[in-house]
Amino acid sequence: MEGFPNIFIEAWGCGIPVLSLFVDPGGVVRKNGLGYVAGGKLDKLIDYINKIDPGNDIGIKAKHYVNRYHVLTNERMMEIDSVFTDICN
């Protein structure tokens, strides 16, 4: 199984929900309401495809998730710098 597919982050950054047949890294999709995971069941995936409503708030949640956890801000750079400084010391 794959870890955390970058395509998930790319889709969410564009406000697109993820439809996954198997993968839900750390339960991120389910916990944050960022799309649907079919648990390996193709018929369930098809149901989810038909369930997607462009007017719902998944796209907004998805963009918020990316901004919160995957955008490299000055604050994040300072946190990373602190970690590496601690490691080097």
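Bear in mind these aren't lab numbers, they're just calculated from the coordinates by the rules spelled out. Treat the numbers as computed from the prediction; the structure is a model and nothing was measured. For neighbour counting, all protein chains shown are included, and Cβ atoms are generated from backbone atoms with ideal geometry for every residue, glycine included.
Whole angstrom only: what separates the Cα centroid of segment 35-53 from the Cα centroid of segment 19-33?
Using only Cα atoms, the two centres lie 12 Å from each other.
Ranking request for peptides 7-20, 53-66, 76-89, 25-38: highest mean number of other beta-carbon atoms within 10 Å first, then the rest in descending order.
Working: 7-20: 18.2, 53-66: 14.6, 76-89: 9.2, 25-38: 16.5.
Highest to lowest by the protection proxy: 7-20, 25-38, 53-66, 76-89.
Taking amide H positions as placed 1.01 Å from N in the peptide plane, with prolines and chain starts having none, which residues 5 or more places from Y36, or on another chain, fall under 5 Å of its amide H?
V18, L19, S20
Given +1 on the Cβ of Lys and Arg, -1 on the Cβ of Asp and Glu, and no further charges, what dipole in debye does the chain carry about its Cα centre, rounded to the nearest 20? It would help to have the intermediate numbers written out before the result.
Values: 9 positive and 11 negative charges, 64 e Å.
The calculation lands at about 300 debye.
So if the hydrodynamic radius of the chain is defined as the Kirkwood radius over C-alpha pairs, what does Stokes-Einstein give as its diffusion coefficient at 25 °C and 0.890 mPa s, in µm² per second?
Using the Kirkwood radius from Cα pairs, D works out to 170 µm²/s.
Once fully extended, how much extra length lies between C88 and I46, figured as 0.36 nm per residue of separation less the alpha-carbon to alpha-carbon distance?
10.1 nm
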